[in-house]
Amino acid sequence: MPVDLELERIREQVTKCTLCPLSATRTNAVPGEGATNAELVLVGEAPGVTEDSTGRPFVGKSGKLLSELLEGIGLERSNVYITSILKCRPPRNRAPLKSEVALCLPYLERQIKAIAPRFVVLLGGVAISSLIGPWSVSDAHGRFYEGESLTYFMTYHPAAALRFPKTLELMKSDFQVLRRELLGA
Ligand code: URA
C-alpha cells in the first residue's frame, strides 16, 4: 500500500480509537504529522495539553524546543515525521500505563513500517523503554541501536531539556551526532 494511504488510514483509525480509557478523556487524538518520505521519525512520550487541544504533536513548549534542535542540524519539522508512543493525552500528564502503551504501540509500528525511515529517534525514557527495553536515558543518549529492521537513535525528551540546562547541552550534542550520521560525515 502506498505510504500516504497507509498513514491516512492510521490517522483515521487513531482519531476514532477507543481501545483504551484515554479515549474518554481526550479532546483530540494526536496521530502524528510530517513528511511521509522522512529520513527521521521522532517519537515522544504522549500528547500534552496543547497537543490534546490542537490534535497536533509537539506544538507546546517542548515542541518549540524540538523545532529549534532540528533547525540546529539543518532540518525543518516538515522534513521529518513527528509522533509519540501514546496518541492520546493521559490525564494531568501522568506517565503512560503499560496497558496503554501495549494497546497504542501497533499504530506507531505501522507508521514506522510505512515510512521506513533511516533512523527512529527515541525522545526520552518512555520511548526508549517501549521500543527497545529498560535502558536509562542517561546511559543510552547519543547512541544508535540496531533493531531487527530499524536503527534507533536515543536522546532525552525535550521536556527534560527545558527543565535542566545540562540536559539541553547533552541533547544538543546528541543532535550533532545524529547530524553527522545523516550526512555520512
Ligand atoms: N510531548 C510528547 O512526548 N509528545 C507530544 O506530542 C508533545 C509533548
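Okay, here's what the table says:
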item: Enumerated strands (runs of 3 or more DSSP E) restricted to region 69-185, each holding at least 2 residues that are more than 16 Å from the ligand (Cβ to nearest atom) and either among the β-branched types (Val, Ile, Thr) or open to solvent by 50 Å² or more (accessible area, probe 1.4 Å) (or both); result: 143-146
item: Residue that is nearest to Glu109 (Cα to Cα) [pool: residues in region 32-57 that are touching an Asp or Glu at 6+ places or on another chain (Cβ under 7 Å) and near the ligand (Cβ under 9 Å from one of its atoms)]; result: Pro57
item: Filter pass, Arg94 being among the basic types (Lys, Arg) and under 29 Å from Gly184 (Cβ atoms); result: no
item: Inter-residue pairs, beta-carbon under 9 Å, first without any contact (Cβ under 8 Å) to a residue 12 or more places away in the chain and over 16 Å from Asp174 (Cα atoms) and in region 123-138, second within 14 Å of the ligand (Cβ to nearest atom) and in a helix (DSSP H, G or I), 6+ apart; result: Ser129/Val101; Pro134/Ile128
item: Within region 133-165, tally of residues that are of a type in the set (A, V, I, L, M, F, W, C) and closer than 17 Å to Thr83 by Cβ; result: 4
item: Qualifying positions in region 26-52 - β-branched (Val, Ile, Thr) and part of a helix (DSSP H, G or I); result: Val49, Thr50
item: Output for region 53-68, where each listed residue is assigned to a loop (DSSP other than H, G, I, E, B) and open to solvent by 10 Å² or more (accessible area, probe 1.4 Å); result: Gly55, Arg56, Phe58, Val59, Gly60
item: Single residue of Thr25, Thr36, Thr50 found to be open to solvent by 10 Å² or more (accessible area, probe 1.4 Å) and closer than 23 Å to Ala114 by Cβ; result: Thr36
item: Test: residue in region 100-113 that is farther than 25 Å from Leu5 by Cα, in contact with a Pro (Cβ under 9 Å, 6 or more places away or on another chain) and in contact (Cβ under 8 Å) with a residue 40 or more places away in the chain; result: yes
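The values are calculated or read from the model by the stated rules, or taken from the named source; none is laboratory data. Worth saying up front: this structure is predicted, and the values here are computed from it rather than measured. Cβ: placed from backbone, ideal geometry, glycine included. Neighbour counts: every protein chain shown. Ligands, DNA and RNA are stripped out before the accessible areas are found, and what is left, the full protein with its side chains, is counted by its heavy atoms. Shrake-Rupley method; radii C 1.70, N 1.55, O 1.52, S 1.80 Å.
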